[in-house]
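The values are calculated or read from the model by the stated rules, or taken from the named source; none is laboratory data. Here the structure is a predicted model, which is why all the values come from computation and not from measurement. Here the Cβ is made from the backbone with ideal geometry for all residues, glycine too, and neighbour counts use every protein chain on show.
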Amino acid sequence: MRITAELGDITKVDTDAIVNAANSSLLGGGGVDGAIHAAAGPELLEACQELRRTRLPGGLAVGDAVATPGFALPARWVIHTVGPNRHAGQTDPALLGSCFARSLEVAAGLGARSVAFPAVSAGVYGWDPDDVATIAVGSVRGWAPPPRPDDAAAEGADGSGDVEHVRFVLFSERLLEAFDAALAS
């Protein structure tokens, strides 16, 4: 798997799936979450409302992930994950690492070959950019797709695939520096 970091706007990247640093309500918010909802169009909110009505009535748990279509985005899918909020006392690095691992599991289940991540929890959730970068890169490097039966692997019968490229698409030079350093180590 190739892992890269770049400065950019995650709502404009050409990739199979982008990851949304969502809140547990899945109903939009500020930062990356608000930008993704705005760029995807009102259908994204409708899809998230449907998830809340059906599969996730209590919201999405911290560290978990779920997918919706990308609607007006260049990406085919949006994978929503809820990062831990340091300001609310959620300081366990394993919760943050789970955001990246679970998002990759969801992506593989969709058959996504390329995934773009933001710096989950590095914004208003108060995590230090260097910590986020170290945890994110470590989680991605340590992730392995779930085993598939030989028949499914040979034919792709279960719809899952191998994620070939993970891109960290970051909105500031400071975040890019942190991810470049983590990738170099």
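Would you check if there is a residue in the stretch 23-36 being closer than 21 Å to Gly109 by Cα and either touching a helix residue (DSSP H, G or I) at 6+ places or on another chain (Cβ under 7 Å) or not basic (Lys, Arg) (or both)? Checked the stretch 23-36: at least one residue is closer than 21 Å to Gly109 by Cα and either touching a helix residue (DSSP H, G or I) at 6+ places or on another chain (Cβ under 7 Å) or not basic (Lys, Arg) (or both).
This table checks each residue for (1) within 14 Å of the chain's Cα centre (by Cα); (2) farther than 27 Å from Glu164 by Cα.
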residue	(1), (2)
Met1	no, no
Leu7	no, no
Asp14	no, no
Asn20	yes, no
Gly28	no, yes
Val32	yes, no
Thr54	no, yes
Pro57	no, yes
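Set side by side, the residues Thr68, Thr54, Thr15 differ, and just one is of a type in the set (Ser, Thr, Tyr), touching a Phe, Trp or Tyr at 6+ places or on another chain (Cβ under 8 Å) and closer than 20 Å to Gly109 by Cβ, which is Thr68. Residues that are out of contact with any Gly (no Cβ under 6 Å at 6 or more places or on another chain) and among the hydroxyl-bearing types (Ser, Thr, Tyr) were ranked within the stretch 1-52; the one that is nearest to Asn85 (Cα to Cα) is Thr11.
A single member of Gly70, Gly59 is at pLDDT 95 or above and over 27 Å from Lys12 (Cβ atoms), and it is Gly59. Of all residues in the stretch 129-139, none satisfies being at pLDDT 95 or above and in a loop (DSSP other than H, G, I, E, B). Please determine whether any residue of the stretch 36-45 is in contact (Cβ under 8 Å) with a residue 40 or more places away in the chain, under 24 Å from Val137 (Cα atoms) and within 13 Å of the chain's Cα centre (by Cα). There is at least one residue in the stretch 36-45 that is in contact (Cβ under 8 Å) with a residue 40 or more places away in the chain, under 24 Å from Val137 (Cα atoms) and within 13 Å of the chain's Cα centre (by Cα).
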